[in-house]
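Every read-out reported here was derived from the displayed coordinates using simple, explicitly stated rules and does not represent laboratory data. All of these numbers come straight from a predicted model, not from anything done at the bench. Cβ placement follows ideal geometry from the backbone for every residue including glycine, while neighbour counts extend to all protein chains displayed.
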Amino acid sequence: MDLLDNLLLGFSTALLIENVLYCFLGVLLGTAVGVLPGIGPTATVAMLLPITFNFEPVTALIMLAGIYYGAQYGGSTTAILINLPGESSAAVTALDGHEMARQGRAGPALAAAAVGSFFAGTVATVVLAVAAPPLAGVALRFGPAEYFSLVLFGLIVSIALARGSALKALAMIALGVLLGTVGQDIYTGTPRYVFGQRELYGGIDFVSVAVGMFGIAEILRNLENERTRVSLPASVTGLWPTAEDRRRIVGPILRGTGLGAALGILPGGGHVLASFTSYAVEKRISRRQDEFGHGAIEGVAGPESANNAAAQTSFIPLLTLGLPAHPVMALMVGAFIVHGITPGPNVINDEPALFWGLIASMWIGNVLLVLLNLPLIGIWVRMLRIPYQVLFPMIILFAAVGTYSLNFNAYDVYAIAFFGLLGYVLIKCGCEPAPLLLGFVLGPLLEENLRRALIISRGDPSVFLTRPISAVLLLLAAAALVITVLPAIRERRDTVFTEEE
Amino acid sequence: MLAGGIFVVIGGAFVIGALGYDRGTALRMGPGYFPLVVGAIVVVLGLAIVIKGLIAGEVAAFGPVSWRAVAVITAAVVFFGFFIRRLGFVPTSLVTALLAALASKRVRPLVAVSVAVGLTTTATLIFVIGLQLRIPLWGL
Amino acid sequence: MRMKRRPRIIAALATVSLITACSGNDDGDGGAEGDAAGYPEQNITIVVPFSAGGPTDTVTRMIADPMAAALGGKIVVRNVEGAGGTVGAGDVARAEPDGYTVLMHHIGMSTAPALYKDLGYRPLEDFATVGLVTEVPMTVVARQDFAPATFQDLVTHVKANAGTVTLANAGIGAASHLCGLLFQAAAGVKLQEVPYQGTGPALTDLVGGQVDFMCDQTTNTSGQITAKKIKAYAVTTPQRVQSLPDVPTTAEAGMPQLAVSVWHGLYVPADTPPEIVEKLSGALKTALADQAVIDQMAKLGTAPVTAADATPDAHRAHLEEQLTTWQKIISDAGVQPS
């Protein structure tokens, strides 16, 4: 068996003592920077890149990859505990994860995230080992028209992220898309809505929007009535998931893993959609739809699994084609080059020990992460006992420092204040921030691919329908819109009807 | 209602801004096209929310607002952004943390000061010493 | 008061600091006056105006350590991205002229004035040149099933099908954009350009056959070329590239006007004392002669410039020439500054 030989080679490489050590160091660092707001894996990998120049190539890549998926893991911890998501995927986890924390169930939420991530990581590693080359071919079938349709589908599906009015959710998505247009237009270089400030040419940073709309807005809400405020639980009820919790998370983890593994392969933003889509699916098929947004454990387990699976499979385009799907992977391409390995389709044949060693190390890294994180849950939960008067200034200060450290750009910090206020007002009006966030992440992709598809087709809009994958996705989007909007319309008809009676 | 108003205002502002950019055609879009269309969608959805609210006879229930928290926290964050390059990490963090701590009505001054000192120390240890962020500790 | 959990975090972070300490990342942006005799008395920061891990960043990190050794100090590399490298360049233009803030920039230094309206700095007046570093060759590449077989065929083909051929690039002001403009000028055609955000996505669509052809640095393309996922028509340097021996030069293929390479150079703010510029230039020369640097650059498909080119004067002359050349190409191409 070829696969067995390859895996054997992989594990014999990944299990070398120094490789395990640096894998552990990578996931540890990743978890640490994932927990802190702002400083993300990209900055960490950039900082450590020169140090790895002296390592064996495979060791260097094992550690850098570990930082990447370790950070995906750590990010959910902050989202659950203090509602401070550092990445778009963690924003989904914050929805129900933080609600659970408020109800004293931070432990089960963290455990569900850890177990889901581990399972998803394991399955995705197997997918990577078995099917990487053919899947890479699928990824290449996605051109601009397909991405446009995929993103549009994702945006419509994300209406499900809101627990209230679909109309308001739709408006928030559109507003997010609109905010995403700030910055230099990539087609003409025209700066849009930058008010002459060169610092805004790169657009608004996602971290500023997320930290403002989730973290700061939440603090403002908690402070509005301190006497009656019960923001954090008086007692923590159980560290581990109950038997019922365990039963409830099985399905979401399985579905999340499948969804995430599939979407992660697409280099043009597929992995961004993974956790959002999983959340929407779980909410749609759940018999307890009302619980979503109020601490449903499915809303944590599903998206976390999807996110981690996608984080693993998003290595497929890098490893099999040499094409990076994420800034961290662009850095890893740099690491390849420095070590004299030309990134590209030949890596799998020319450097089998490196290719299979890296894949095997991902599974080892997932084991290490679970061993590292399960014992930490107790410590994290104890952190919630910090008096709020200490906790909230800490969140504000760390958010400011972390955001500033992204680009040393003061405008990123001002943006936290702006989005904190905007988020606060909108939340008070019954508009939830998550759909806006997704619109903000996906908006630029939507415009970019729409315009690119039209340029390539010489202005013929029928490409979206004549290309089969695109057409199917558009059909799905239309169906999703109908399904989401219909109940709302029917409901309104009912209310109008009642009023007339 | 209010939400609808906000959407109309922001969407409208983007639409007006978009008019200043080259629109191109639907088939060969300029930089102004996409924001114009999305801005218009936001305005329409905002109006729909307003109208829906009017029909339902919605009363704007905004609940209590801690103006103190809003003002002080905004000031804290903006202070950080504005002074971090000028004053260095330690003084800026200290003021930011102090302002933030004062956002709570129930905080005693002494507690606020000790929280600010403690957080500045922690943040310095984590970000500047630990993660080696390249921000000078003290300003010019 | 609060922190029972603190010690563990500190332990984790201590590990971070241990690791980063090896790379020597202390900063002292502080105001110590540049004293040429004792230079360097504190860490020198090299600003890279592009993202970490990109070709320019990689080149900078290669020479940073040997330069630091030659100067007897420490060098920190810092990435300040944005607006085609103009944000980072502007930062350095406004920095203290004490020799502790250095800029690594590429060909974009000479094209920015033609591409941006309110640049906020003037390449010749606001910077002192330190020396050229390297010139990375570029390749004209196409999707594997694109009809033309040779470079001459390509030129004929795009002229005949100017309405339908698509030319990808990695964004406004990117090296691939500039090379594409030059190609269109040399071939006398106007093609439909398809901009991407960076080389990665552009190359992905080229490999996937969504766009027809582009021109980009060997660093990015050679892996795909040798794996036959894309085909190469020509390299844009006077000599063939070692790692791609079968690919002719543009001069061999009959278009000598298409000569472009992504040259890199070091800059300091204009009023930096000349003695300090000399010291930096000397350290650059030492670094470029370092066998390890030569080897690492060879892996990138490039080589250090000659010692004569790693000087302030040669660099300045090259910059002046390039500014004029690109101003003309860009305005002839009808690209409006923004």
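Figures for the structure shown
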| quantity | calculated |
| --- | --- |
| Eligible lysines near B:Lys105 by straight Cα distance, threshold 27 Å, same-chain separation 8 or greater | A:Lys428, C:Lys4 |
| Loop-located chymotrypsin sites (Phe, Trp or Tyr not before Pro) in the range A:114-219, at most 14 other Cβ atoms within 10 Å (DSSP) | A:Phe195 |
| Cβ-based net charge around C:Pro66, under 15 Å, with every Lys or Arg adding one and every Asp or Glu removing one | +1 |
| Cβ-based net charge around A:Ser117, under 14 Å, with every Lys or Arg adding one and every Asp or Glu removing one | -2 |
| Chain C - mean residue ellipticity at 222 nm from DSSP helices (-39,500 (n - 2.57) per run, n ≥ 4, rounded to 500) | -13000 deg cm²/dmol |
| Options C:Ser261, A:Leu476, C:Thr204, ranked by Cα towards positive dipole end of the protein assembly as shown, top entry (Cβ charges) | A:Leu476 |
| Equivalent ellipsoid, the range B:2-56 (semi-axes from 5 times Cα gyration tensor eigenvalues, Å) | 26, 10, 5 |
| Sites A:Ile469 and C:Ala186, calculated FRET efficiency, Cβ-Cβ separation with R0 51 Å, nearest 0.05 | 0.85 |
| Leading residue at positive end of dipole, the protein assembly as shown (Cβ point charges), from A:Pro241, C:Ala234, A:Ala131 | A:Pro241 |
| Between the range A:136-195 and the range B:13-42, the alpha-carbon center distance in angstrom | 15 |
| Fraction of antiparallel bridges per DSSP, the range C:137-235 only, in percent to nearest 5 | 60 |
| Kirkwood hydrodynamic radius over Cα pairs of the range C:137-235, then Stokes diffusion coefficient at 10 °C and 1.306 mPa s, in µm²/s | 123 |
| Antiparallel %, DSSP beta bridges [both residues in chain C], to 5 | 60 |
| The range C:65-205 - Kirkwood radius from inverse mean 1/r over Cα pairs (Å) | 17.8 |
| Under 5 Å, built H, 5+ apart or other chain: amide partners of C:Ala234 | C:Val140 |
| C-alpha center-to-center spacing [the range A:327-390, the range C:166-214] in angstrom | 33 |
| Debye, to nearest 20: dipole size of the protein assembly as shown, +1 on Lys, Arg Cβ, -1 on Asp, Glu Cβ | 2880 |
| Given charges at beta-carbon only (K, R positive; D, E negative), |dipole| of chain C in Debye | 1380 |
| Relative pair counts by distance (%), Cα atoms of the range A:2-500, 20 Å bins | 24, 58, 18, 1 |
| Span from the the range A:452-470 Cα centroid across to the the range C:48-105 one, whole angstrom | 42 |
| Mean residue ellipticity (222 nm) of chain A, computed from DSSP H runs ≥ 4 via -39,500 (n - 2.57), nearest 500 | -24500 deg cm²/dmol |
| Radius 11 Å from Cβ of A:Arg451, net charge of other residues (Lys, Arg +1; Asp, Glu -1) | -1 |
| Violating pairs (Cα-Cα greater than 24 angstrom) within the set C:Lys117/C:Lys159; C:Lys190/C:Lys231; C:Lys74/C:Lys285; C:Lys285/C:Lys328; C:Lys74/C:Lys279 | C:Lys117/C:Lys159; C:Lys285/C:Lys328 |
| Cα-centre dipole for chain B with unit charges at Cβ (Lys and Arg positive, Asp and Glu negative), debye to 20 | 320 |
